[in-house]
Amino acid sequence: MSKAIVIDRYGGPEVMAIRELDCAAPGAGEVLVRQHAIGVNFIDVYHRTGLYPYPLPLTPGSEGAGEVVAIGDDVSDVRIGDRVAYSVALGGYSEQRIVPASQLVPLPDFIDYDTAAAVMLKGLTAYYLLHDTWPVGPGETLLFHAAAGGMGLIACQWAASLGARVIGTAGGPEKVALALQNGCEAAIDYRADDFVARVRELTDGEGVDVVYDGVGQAIFEQSLDCLRPRGLMVSYGNATGPVAVPDLGILARKGSLFLTRPTGAHYFATRQATLRAADALFNAIARGAIKPYIGQRFPLADAAAAHRALEGRATLGSTLLIP
């Protein structure tokens with residue numbers, strides 16, 4: 001038996017309940033992982049509410065790290081006892097879980113379980129945003145929203161290490177200070193300041209090359225106003241609701257802008273792509289370009305409290321569940 005968070009109906013944090021479940025044996029190409037730490041991400045909220053619908057019942061969670069305790073047939077590159085991490089859809093909020101062997105990443109000795117669970121989904125996302133969606137280089141200026149969140153801290157540190165000038169937004173003085181300590185040359189308190197005006201001021205009216213936005217609906221159009229002509233808007237999440245662009249002419253009127261909505265499923269369609277990104281992430285941690293920040297840990301049974309904190313913007317950095 002294994003404890004897991006189960007959702008029988010879409011809704012608020014209260015729909016998550018912890019239950020004892022039979023622990024299935026891994027099938028062909030699968031392994032059983034005993035989890036040591038589980039990452040909490042906004043995509044888990046989308047699964048819980050049904051914004052990203054999946055058949056019910058479901059166990060949320062897309063990021064974790066642990067030890068391989070059983071392997072199925074046709075598994076050759078993973079062994080019992082291996083330390084591994086993953087970033088896959090659903091099933092993470094559990095003591096033990098089945099994962100396709102092809103989607104596991106081996107952990108170097110210098111990456112502990114908590115760090116791995118804090119950076120896998122967010123770090124791989126940062127990789128494709130900064131290296132593939134727009135290859136960030138020296139002298140470029142970026143605007144990163146929610147810069148003090150788990151994703152924001154990783155991405156801003158990484159972007160700064162690539163030579164970019166990073167402007168971040170965050171809510172409140174504590175988060176602004178954290179962003180400034182983690183890669184941001186300037187940080188704007190969106191609760192107190194007009195972030196569009198501040199970005200224009202900081203760039204001498206020119207605007208930034210790229211906006212990275214995981215916030216969504218509430219700030220989408222204002223973010224377009226932060227871009228230079230022919231700049232790129234990267235909408236990679238929608239914490240405040242999905243973005244709709246009924247009139248594509250807005251991109252022309254605001255400067256012949258580019259817009260993309262990337263997802264890791266397309267950037268990491270192969271194991272080779274995932275391993276390449278994970279290797280770059282772990283190397284960035286090893287050389288100190290990224291210093292993961294875990295702001296809060298909750299017991300697995302308190303997953304609802306973790307979601308309330310995340311949705312209430314009461315978290316700093318990465319959030320973990322501990323089985």
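The values are calculated or read from the model by the stated rules, or taken from the named source; none is laboratory data. All values derive from a computational prediction rather than experimental measurement. A quick note on method: Cβ atoms are made from the backbone with ideal geometry, for glycine too, and the neighbour counts reach across all protein chains shown.
When ARG287, ARG253 are checked against the criterion of being in the same structural domain as LEU107 (by TED's automatic domain parsing) and either under 30 Å from SER94 (Cα atoms) or out of contact with any strand residue (DSSP E or B) (no Cβ under 8 Å at 6 or more places or on another chain) (or both), ARG287 stands alone in meeting it.
A single member of VAL210, VAL176 is crowded, with 22+ Cβ neighbours inside 10 Å, without any contact (Cβ under 8 Å) to a residue 40 or more places away in the chain and either not aromatic (Phe, Trp, Tyr) or not assigned by TED's automatic domain parsing to the domain that holds PRO292 (or both), and it is VAL176. With respect to the conditions (1) within 30 Å of PRO242 (Cα to Cα); (2) of a type in the set (Lys, Arg); (3) buried (at least 17 other Cβ atoms within 10 Å of the Cβ), ARG83 falls short on a single one, namely (1). Selection over the range 247-297 of residues that are in a helix (DSSP H, G or I) and either closer than 20 Å to ILE43 by Cα or touching a residue at least 12 places away in the same chain (Cβ under 8 Å) (or both) gives a count of 17. In the set (1) farther than 21 Å from GLY264 by Cα; (2) part of a strand (DSSP E or B); (3) of a type in the set (Phe, Trp, Tyr), PHE110 fails one condition alone, (2).
Exactly one residue among ALA17, ALA37, ALA28 is over 23 Å from the mean Cα position of the chain (by Cα) and not in a loop (DSSP other than H, G, I, E, B), and that residue is ALA17. For the range 95-113, the set of residues classified as buried (at least 17 other Cβ atoms within 10 Å of the Cβ) and among the acidic types (Asp, Glu) consists of GLU95 only.
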